[in-house]
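Notes follow once the structure below has been shown.
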Amino acid sequence: MRKAPRTALALGSGAVAAALILSGCTPGGGDAGEDAGPITEEQREEALNTETELTFWTWVPDIENEVALFEEKYPAIDVKVENVGQGLPHYQKLRSAIEAGEGAPDVAQVEYQYIPSFVLPESLLDLTPYGAEDIAGDYVDWAWDQVSPADEVWAVPQDVGPMGNLYREDLLTQAGITEPPATWEEYATAAKAVKDSTGSYISNLGATQAGQMIGFMWQRGVKPFSYDGQDTVSINVNSDEAKEVADYWTGLIQQDLVSTDVDFNDQWYQGLATGKYAGWLTAAWGPIFLQGTAEGTSGLWRAAPLPQWEEGEQVAGNWGGSADAVLASSENPIAAYELAKFINNDEESAMMLATEQFLFPPQLSVLEDPAFVDQASEFYGGQEVNKLFSVISETVDTDFQWLPFMDYVYSTYEETMGTVIADKGDISAALDTWQDQLVSYAEDQGFTVE
């Protein structure tokens with residue numbers, strides 16, 4: 001049996017810190033305690049051949065195509081796909097349905113950092129008795145660790161966001177830069193050359209974008225959060241390494257070499273399309289997104305790994321990604337697990353997610369498939385961008401955890417860190433304020449902070 005790091009994730013503001021982590025459920029969905037055994041093949045066959053209706057909440061567009069493959073294989077199962085919103089609306093409705101005791105789906109898409117918010121109140125089904133451990137080796141290790149931080153398995157990985165550097169080759173060439181910066185020191189030098197020669201910013205640091213900054217910390221080896229699965233958390237957003245990241249970006253921002261525009265709005269889209277930004281430090285989902293946003297710049301962009309803190313290293317952080325979890329309240333947990341597994345683990349379905357919905361895959365089979373990695377992109381000058389990010393995906397640190405209240409973490413980042421970044425202030429000092437806020441909140445919620 002594969003053993004992941006012995007650290008349980010949990011999340012949920014207002015939750016009692018001493019809440020028990022769900023350790024096992026019977027095939028019928030009831031809590032079976034520590035003695036719950038694996039389901040049998042006879043139980044699985046019976047469940048998949050019994051007339052059943054499942055509800056699946058997801059924001060992935062056209063995922064009905066993958067669901068159709070599942071229904072074709074298991075004609076007794078009818079799946080109702082519902083998009084109840086993305087981001088906060090999705091989670092609000094999911095939590096409301098769980099609390100009400102009715103209306104919750106059988107399977108729900110959940111981003112990795114929010115999985116613990118549903119584990120702590122025992123809202124998710126531990127998939128271990130259903131055979132989830134058997135597919136652990138099908139995924140990059142760090143992605144599997146996001147859904148299985150200890151012995152339990154809380155979801156099936158769907159997509160990930162290993163980070164890289166998308167850049168305008170023409171603008172860098174104009175600045176005399178013929179190769180993408182390999183180190184952060186080189187990146188700072190290039191930022192000045194690009195600004196002096198072209199007037200463009202080498203990149204934008206989204207003022208309120210916690211995911212990007214946390215991804216940079218992840219790459220630097222910062223361990224800002226940890227949780228023991230019970231009542232103890234560790235918060236180190238202002239560690240020496242975190243402040244090294246903060247000081248780096250403070251320097252570039254205060255020299256006006258990097259912009260601090262709020263991202264994912266019309267102004268930011270225009271900046272990508274018009275050359276205001278000569279690059280975008282983003283995740284593996286970024287190349288397709290950029291292709292649709294800056295269509296008129298086709299052929300000018302290239303992709304590279306993130307600059308490194310130490311020359312010769314190959315380390316990446318992650319920004320984004322999600323998984324499909326089975327709700328503990330499901331009356332058909334076997335079929336629900338099989339749906340979550342099939343969508344993300346069946347070879348044809350997983351390839352469709354990667355090549356039709358353009359979700360960057362955590363599945364090793366897709367990451368190694370020439371049909372995926374050998375695709376040459378005209379937008380990126382014929383570069384095999386999927387192959388590059390497939391290699392990058394193998395360099396993400398596996399030992400990264402989340403606090404049991406990431407919703408609060410993100411909201412305070414926007415208020416505290418975002419204001420300082422937008423005002424071109426001292427980001428390192430803002431980390432101290434953010435640290436104090438998070439520690440106070442954790443203690444107020446009954447957690448012990450180490």
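The values are calculated or read from the model by the stated rules, or taken from the named source; none is laboratory data. Just so you know, these numbers come straight off a predicted model, no measurement behind them. Using ideal geometry, Cβ is built from the backbone for each residue, glycine included, and neighbour counts are taken over all protein chains shown. With ligands, DNA and RNA removed, areas are computed over all heavy atoms of the protein, side chains included. Shrake-Rupley method; radii C 1.70, N 1.55, O 1.52, S 1.80 Å.
Set the Förster distance to 56 Å, then compute FRET efficiency between ASP247 and GLU102 from the Cβ-Cβ distance, nearest 0.05. Show your work: numbers first, answer last.
Details: r = 51 Å, r/R0 = 0.91.
That pair, ASP247 with GLU102, gives E of 0.65.
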Once you sort the root eigenvalues of the Cα gyration tensor of region 385-450 as a ≥ b ≥ c, which label holds: rounded (a/c under 1.5), prolate (a/b larger than b/c) or oblate (the other case)?
-> oblate
Distant-in-sequence amide H partners of VAL79 (H built 1.01 Å from N, under 5 Å) | LEU54
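I need the semi-axes of the equivalent ellipsoid of region 153-198: take the C-alpha gyration tensor, multiply each eigenvalue by 5, square-root it, list largest first in whole angstrom. Could you put the intermediate results ahead of the total?
Values: eigenvalues 221, 25, 12 Å².
For region 153-198, the semi-axes come out at 33, 11, 8 Å.
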Near the amide H of TYR139, under 5 Å away, which other amide H atoms are found, from residues 5 or more places off or on another chain, if H is placed in the peptide plane?
-> LEU364
Looking at the P(r) of the chain, how many percent of alpha-carbon pairs lie beyond 36 Å?
-> 28
Give a residue-ordered list of calculated ³J(HN,Hα) values for region 53-67 (Karplus: 6.51 cos²θ - 1.76 cosθ + 1.60, θ = phi - 60°; whole Hz; x for Gly, Pro).
-> 10, 10, 10, 10, 9, 7, 9, 5, x, 6, 5, 4, 5, 6, 4
Rolling a 1.4 angstrom probe over the protein heavy atoms, how many square angstrom per residue are accessible across region 182-226?
-> 29
List the lysines whose Cα lies under 29 Å from the Cα of LYS243, skipping any in the same chain that are fewer than 8 positions away.
-> LYS192, LYS195, LYS223, LYS276, LYS424
Apply the Karplus parameterisation 6.51 cos²θ - 1.76 cosθ + 1.60, with θ equal to phi minus 60°, to every residue of region 304-311 and state each ³J(HN,Hα) to the nearest whole Hz, in sequence, with x for glycine and proline.
-> 8, x, 4, x, 10, 6, 10, 4
Highest mean packing first, using Cβ neighbours within 10 angstrom, the peptides 337-346, 200-209 sort as 337-346, 200-209
Å² of accessible area per residue within region 81-137, as computed with a 1.4 Å probe and no ligands counted = 36
Under 1.5 on a/c is rounded, so check that first for region 52-162, then, if it is not, pick prolate when a/b is larger than b/c and oblate when it is not; a ≥ b ≥ c are the square roots of the alpha carbon gyration tensor eigenvalues.
-> rounded
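Once a ≥ b ≥ c are taken as the square roots of the eigenvalues of the Cα gyration tensor of region 306-445, is the result rounded (a/c under 1.5), prolate (a/b larger than b/c) or oblate (a/b not larger than b/c)?
Numbers: a/c = 2.60, a/b = 1.29, b/c = 2.01.
Taking the square roots of the gyration eigenvalues as a ≥ b ≥ c, region 306-445 is oblate.
Would you mind putting 368-381, 273-286, 169-182 in packing order, based on average other-beta-carbon counts within 10 Å, highest first? Could you put the intermediate results ahead of the total?
On the way: 368-381: 14.9, 273-286: 22.2, 169-182: 16.7.
In descending order of packing, they fall as 273-286, 169-182, 368-381.
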Sequence order, region 86-93: Karplus ³J(HN,Hα) from phi using 6.51 cos²θ - 1.76 cosθ + 1.60, θ = phi - 60°, Hz rounded, Gly and Pro as x, gives 10, x, 4, x, 4, 6, 4, 5
Would you mind checking the tilt of helix 427-444 against the longest principal axis of the Cα atoms of the chain, expressed as 0 to 90 degrees and rounded to 10?
-> 20
Given backbone amide H placed at 1.01 Å from N, residues whose amide H is under 5 Å from that of SER234, ignoring those fewer than 5 places away on the same chain, are SER226, TYR227, GLU450
Mind grabbing the accessible area of THR395 for me, 1.4 Å probe, Å², rounded to tens?
-> 40
Roughly to the nearest percent, how much of the accessible area of the chain is carbon and sulfur, given a 1.4 Å probe?
-> 45
Keeping all protein chains in place, calculate the accessible area per residue for region 351-442 (probe 1.4 angstrom), answer in Å².
-> 38
Can you pull a Stokes-Einstein diffusion coefficient for region 341-424 at 10 °C (1.306 mPa s), Rh from Kirkwood over Cα pairs, as a whole number of µm²/s?
-> 101
